[in-house]
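Comments concern the structure below.
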Amino acid sequence: MNEVSRNPRRALSRALSRIANADVSETLAQQNASTPATLSRIGITGAPGAGKSTLIARLAHLRKGVDRKIAVLAIDPTSPVSQGSILGDRIRMDSIADDPDIFIRSIPSRRAHDGLTDNTADLLNAMEGHGFDEVILESVGVGQAEYTIRTLVDTVVLVLLPESGDAIQAMKAGILEMADIYVVNKADLPGAELLESHIQQVAERQSRNGWTPPVICTTRSDPAGFALLDKAIRDHAHWRATHTDETAVRRARARYQAHGLIARRIDEILEDDDGGLLDLDPRGLFDALHAKLKPDMED
Amino acid sequence: MSLNGKRILIAKPGLDGHDVGAKIIALALRDAGADVIYTGLRRSPDYIARVAVDEDVDAVGLSILSGSHKELVAETVRCLEELDASDIHLFVGGTIPREDQDELREAGARAIFTAEMPLDDVVAAIDADLAS
Ligand SMILES: Nc1nc2c(ncn2[C@@H]2O[C@H](COP(=O)(O)OP(=O)(O)OP(=O)(O)O)[C@@H](O)[C@H]2O)c(=O)[nH]1
Ligand SMILES: [Mg+2]
């Protein structure tokens, strides 16, 4: 079935599959005169099990409105063994699953190792023009995910867990310093206050251009924390409107996309090869890859 | 055999509260390479069809132990049709008496799996059906 469905929701949903499944040559062929990015993009990242999906459900419910429709793209890890996945984010978003104003799409991470998925940039672009006002992206919580999601979204929310001494380790490594908003989630668990005060210090050091990342405590059962988070996101959007260099943002996104396409193209070449390429010395390998880099375009 | 790139929704319509079987199938399909989404318990056919559309799945597997399989299958088929999604393959698993199976097939189920069937056979049948 390739014709466009009479059901607009199905048409969108199929378009997303086409983009998600496209190889490099198809991805290049599908690039159309770039649609301007009008949706606001919120990225939610944090360690596995931090409560990202549960939090997104609360947030999406608060942020939708009479004329505001929300899309959620939720990425879960692909098993490196079977290449299959259990896409479990949706089930944690149960409370909004029946809401016609909220669209949820579960996405496997596939080959991507940065907490996102192949073609994330194109998937985000594809959400433009379907009546949504905002897209919330849930990344897989891996070490460096904060950096990559940073380039693709307007506001990065980092979700942290009280019980982890990890947070302190991460702070030393500087991983924490990419977020616009910090959430100490599961604040019902012991250690929340301690973590909050640690993160507060990080956030203050990060203060620049009039934005100091707020630190917000949330608990599944308490709406007040999510209301504060909702407000913090609005404040950040407001700040961003006058403090963002749009050209720099656009260029950073272009750079990320180019990196991704070339890395995947290299994987495609190596998967098609019998292994001989990898026996070359680094320089020979580089030259061979370079020669094959441009895929055969269909049209 | 590989279900790589196939998206499958495992759904529990109706009132029974047991999803061990559904979860076992979900894991087996994942291990065979599929991307699997599970709805959770006690979902309406209308809800299941809408999730199937939003998630653009290739197949929906209904796990039904309650005995209301005839109504639930017919209703799911109707809801999928309404959403212009009749091309999504429908499988049924659970406690389905032999004498009801033909009727479910006529209603639109591509295959029916009962608890006695070895897991590998179930996965292989789904794989073959989706490859065709
Ligand atoms: N105590 C407590 N548990 C919570 C809270 N929010 C979520 N959880 C639980 O934390 C677990 C993980 O929640 P998810 O929302 O799936 O977390 P996630 O970060 O999306 O997980 P992944 O997508 O697997 O990385 C679940 O068992 C939730 O029930 C909370 O506020 N307090
Ligand atoms: Mg999640």
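The values are calculated or read from the model by the stated rules, or taken from the named source; none is laboratory data. For clarity, every value in this text was computed on a predicted model and none was experimentally measured. A quick note on method: Cβ atoms are made from the backbone with ideal geometry, for glycine too, and the neighbour counts reach across all protein chains shown.
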*Just for the stretch B:11-33: of the residues that are assigned to a loop (DSSP other than H, G, I, E, B) and at pLDDT 90 or above, which one is nearest to A:GLN83 (Cα to Cα)?*
B:GLY33
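Out of A:SER95, A:SER82, which single residue is among the small types (Gly, Ala, Ser), farther than 30 Å from B:SER44 by Cα, surrounded by fewer than 19 Cβ atoms within 10 Å (Cβ to Cβ) and within 14 Å of chain B (Cβ to nearest Cβ)? Working first, answer last.
Working: A:SER95 fails: farther than 30 Å from B:SER44 by Cα.
Just a single option satisfies the conditions, and that option is A:SER82.
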_Of all residues being more than 16 Å from A:ARG10 (Cα to Cα) and modelled with pLDDT of 95 or more in the stretch B:79-101, which is farthest from the other protein chains (Cβ to nearest Cβ)? Just the residue, please._
B:VAL92
*Pick from A:SER139, A:SER79: which is within 14 Å of ligand 1 (Cβ to nearest atom), of a type outside the set (Val, Ile, Thr) and without any contact (Cβ under 8 Å) to a residue 12 or more places away in the chain?*
A:SER79
*asked:* Give me the residue from the stretch A:50-76 that is assigned to a loop (DSSP other than H, G, I, E, B) and within 13 Å of ligand 2 (Cβ to nearest atom) and, out of that set, farthest from A:ARG220 (Cα to Cα).
replied: A:ALA50
*Inspect the stretch B:68-87 for any residue being over 28 Å from B:SER2 (Cβ atoms), among the hydroxyl-bearing types (Ser, Thr, Tyr) and crowded, with 16+ Cβ neighbours inside 10 Å and give the result as yes or no.*
no
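Being within 14 Å of another protein chain (Cβ to nearest Cβ), within 16 Å of the chain's Cα centre (by Cα) and more than 13 Å from ligand 1 (Cβ to nearest atom) is the requirement here; does A:ILE42 meet it?
Numbers: within 14 Å of another protein chain (Cβ to nearest Cβ): no; within 16 Å of the chain's Cα centre (by Cα): yes; more than 13 Å from ligand 1 (Cβ to nearest atom): yes.
Against the criterion (within 14 Å of another protein chain (Cβ to nearest Cβ), within 16 Å of the chain's Cα centre (by Cα) and more than 13 Å from ligand 1 (Cβ to nearest atom)), A:ILE42 does not qualify.
Taking A:HIS238 as the residue in question, decide whether it is assigned to a helix (DSSP H, G or I), within 21 Å of A:ARG63 (Cα to Cα) and more than 16 Å from ligand 2 (Cβ to nearest atom).
Values: assigned to a helix (DSSP H, G or I): yes; within 21 Å of A:ARG63 (Cα to Cα): yes; more than 16 Å from ligand 2 (Cβ to nearest atom): yes.
Spelling it out, A:HIS238 is indeed assigned to a helix (DSSP H, G or I), within 21 Å of A:ARG63 (Cα to Cα) and more than 16 Å from ligand 2 (Cβ to nearest atom).
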*Could you grab the pairs with beta carbons closer than 8 Å, sequence gap of 6+ or different chains, first residue in the stretch A:10-24 and hydroxyl-bearing (Ser, Thr, Tyr), second one not in a helix (DSSP H, G or I)?*
A:SER13/A:ARG105; A:SER13/B:GLU55; A:SER13/B:ASP56; A:SER17/B:ARG7; A:SER17/B:ASP56
*From the list A:LEU229, A:LEU293, A:LEU278, A:LEU261, pick out the single residue that is surrounded by 15 or more Cβ atoms within 10 Å (Cβ to Cβ), farther than 30 Å from A:VAL183 by Cα and either outside the structural domain of A:THR155 (by TED's automatic domain parsing) or touching a residue at least 60 places away in the same chain (Cβ under 8 Å) (or both).*
A:LEU261
*When you look at A:ILE107, is it among the β-branched types (Val, Ile, Thr), in a strand (DSSP E or B), assigned by TED's automatic domain parsing to the domain that holds A:GLU163 and more than 12 Å from ligand 2 (Cβ to nearest atom), yes or no?*
no
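Go through A:ASP94, A:ASP89, A:ASP99 for me and flag whichever is away from ligand 1 (no atom under 16 Å from the Cβ) and either touching a helix residue (DSSP H, G or I) at 6+ places or on another chain (Cβ under 8 Å) or acidic (Asp, Glu) (or both). Talk me through it step by step, then tell me what you get.
On the way: A:ASP94 fails: away from ligand 1 (no atom under 16 Å from the Cβ); A:ASP89 fails: away from ligand 1 (no atom under 16 Å from the Cβ).
From the options A:ASP94, A:ASP89, A:ASP99, the qualifying one is A:ASP99.
Search the stretch A:1-39 for residues being more than 14 Å from every other protein chain (Cβ to nearest Cβ) and within 28 Å of B:ARG50 (Cα to Cα), and hand back the single one that is farthest from the chain's Cα centre (by Cα).
At the first step, the residues of the stretch A:1-39 found to be more than 14 Å from every other protein chain (Cβ to nearest Cβ) are A:24-25, A:27-39.
Among the residues that remain, those that are also within 28 Å of B:ARG50 (Cα to Cα) are: A:27, A:30, A:35, A:37-39.
Numbers: A:THR27: 19, A:GLN30: 21, A:THR35: 19, A:ALA37: 15, A:THR38: 17, A:LEU39: 14 Å.
Ranking the qualifying residues of the stretch A:1-39, first place goes to A:GLN30.
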*Within the stretch B:24-50, count every residue that is more than 9 Å from chain A (Cβ to nearest Cβ) and within 20 Å of B:SER2 (Cα to Cα).*
3
_Filter pass, B:VAL57 being surrounded by 23 or more Cβ atoms within 10 Å (Cβ to Cβ) and more than 10 Å from chain A (Cβ to nearest Cβ)_ = no
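Listed here are the residues, each with its yes/no results for (1) modelled with pLDDT of 90 or more; (2) at positive phi; (3) crowded, with 18+ Cβ neighbours inside 10 Å; (4) within 16 Å of ligand 2 (Cβ to nearest atom).
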| position | (1), (2), (3), (4) |
| --- | --- |
| A:LEU124 | yes, no, yes, no |
| A:GLU138 | yes, no, yes, yes |
| A:VAL157 | yes, no, yes, yes |
| A:PRO162 | no, no, yes, no |
| A:ALA170 | no, no, yes, no |
| A:GLY174 | no, yes, no, no |
| A:VAL184 | yes, no, yes, no |
*Check the stretch B:48-63 and report whether any residue there is among the small types (Gly, Ala, Ser), part of a loop (DSSP other than H, G, I, E, B) and touching a helix residue (DSSP H, G or I) at 6+ places or on another chain (Cβ under 8 Å).*
no
